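Every read-out reported here was derived from the displayed coordinates using simple, explicitly stated rules and does not represent laboratory data. It should be emphasised that the depicted structure is a prediction, and the values quoted were computed from it without experimental measurement. Neighbour counts are summed over all protein chains in view; Cβ atoms, including those assigned to glycine, are modelled from backbone coordinates with ideal geometry.
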């Protein structure tokens, strides 16, 4: 099927059905879409970390070439073209937050660091915190570090 052009091999064991565009040629999925599909296939949970979480929340304009995800599945690095997806094995408690947006906020705050958070960061994060349902915040922020819980609580008020 690969030789016939019906499938394209991204990396060992990972294939995609190529979408063709007359002007752009083959359209590839984003690294996030690929990571989500790999997680579904492996029945693993993932959470974006570091620069990827900052970028997804708009706290950074830099698109990371190396997308790093915490996972309870297999630890590995998948290289696709000039970018890569890294799955880092982590403890289940780091994946206990079920709400995707809350998980992004927690990971972004951890990436910035407790003592480096400034008013600009807080202004950009406030609308995201306000989007999250109060019951979800109450039940799931307890899995975040205490200093992150305090910041989220202050942004909510």
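Structural remarks
- Sorted peptide list for 140-149, 87-96, 73-82, criterion being average Cβ within 10 angstrom, highest first: 140-149, 87-96, 73-82
- For segment 96-157, dividing the convex hull volume of the Cα atoms by the residue count gives 74 Å³ per residue.
- Antiparallel beta bridges, as assigned by DSSP with both residues in segment 1-95, represent about 70 percent of the total such bridges.
- Peptides ranked, highest mean first, by Cβ atoms within 10 Å: ranges 34-46, 100-112, 127-139: 100-112, 34-46, 127-139
- With the simple spin-label model, which puts each label point 7 Å out from Cα in the Cβ direction, the residue 75 to residue 116 separation comes to 2.3 nm.
- Average 1/r across all pairs of distinct alpha carbons in segment 86-125, invert it, and you get the Kirkwood radius: 11.5 Å.
- The Rg/Rh ratio of the chain, with Rg taken over Cα atoms and Rh as the Kirkwood radius over Cα pairs, comes to 1.04.
- Estimated [θ] at 222 nm from DSSP helical runs (n ≥ 4, -39500 (n - 2.57)) normalised by residues in the chain, nearest 500: -12000 deg cm²/dmol
- The alpha carbon centroids of segment 2-54 and segment 88-138 are separated by 26 Å.
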